[in-house]
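To start, the structure itself, in structure tokens.
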Amino acid sequence: FAPLVLALHLVGIESLSSLSPPVLGLLVLKGLVDNVLSDYLWAQAVLLTSPAVATVGLSLTVPLAMLSEALLPSRYLVQPSTPTILSASGAVLVVVGFVVINTVRDDGVPTCCPPVRTSLPVRNVAEAPSELPAKPKCTYT
């Protein structure tokens, strides 16, 4: 929005002359923190987890916003409202989706299962076994 506001200021539709230098500096600092820092932290989350987990993790802002609205006193909120059953169930589903995507590996196997070797190291074809070992069954405890 900054280029649009600057263009409106240059055309004369919007005046930015009432902004003091400290206020303008705080606006620029807030913009840098909001955009640059959040993008950097998201990129770090992608490196530490996966793009899918990091992106689904961004959707946790909805349940967290609902939680903060429920916990903050109403005098601190612009338009306080109680969450509806539909919005609360949607927030719960977002959290469940985040938990599910974090507990399932890329191959669809729950993370409680150890990784299965699909091939055995073989020096020559004559030593190759006729069958691969069976996959262990994963049980939840």
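Bear in mind that the values in this text are calculations on the coordinates, not laboratory data. Keep in mind the model is a prediction, meaning the values are calculated, not measured.
If the segment from Val104 to Leu32 were pulled out straight at 0.36 nm per residue, it would be longer than the present Cα-Cα gap by 22.4 nm. The slack between Ser81 and Thr55, meaning 0.36 nm per residue of separation minus the straight C-alpha distance, is 6.6 nm. Tell me, how many Å apart are the Cα centres for segment 44-102 and for segment 6-28? Value for the Cα centre distance between the two parts: 34 Å. The stretch between Gln44 and Ala7, if pulled fully straight at 0.36 nm per residue, gains 9.9 nm over its current Cα-Cα span.
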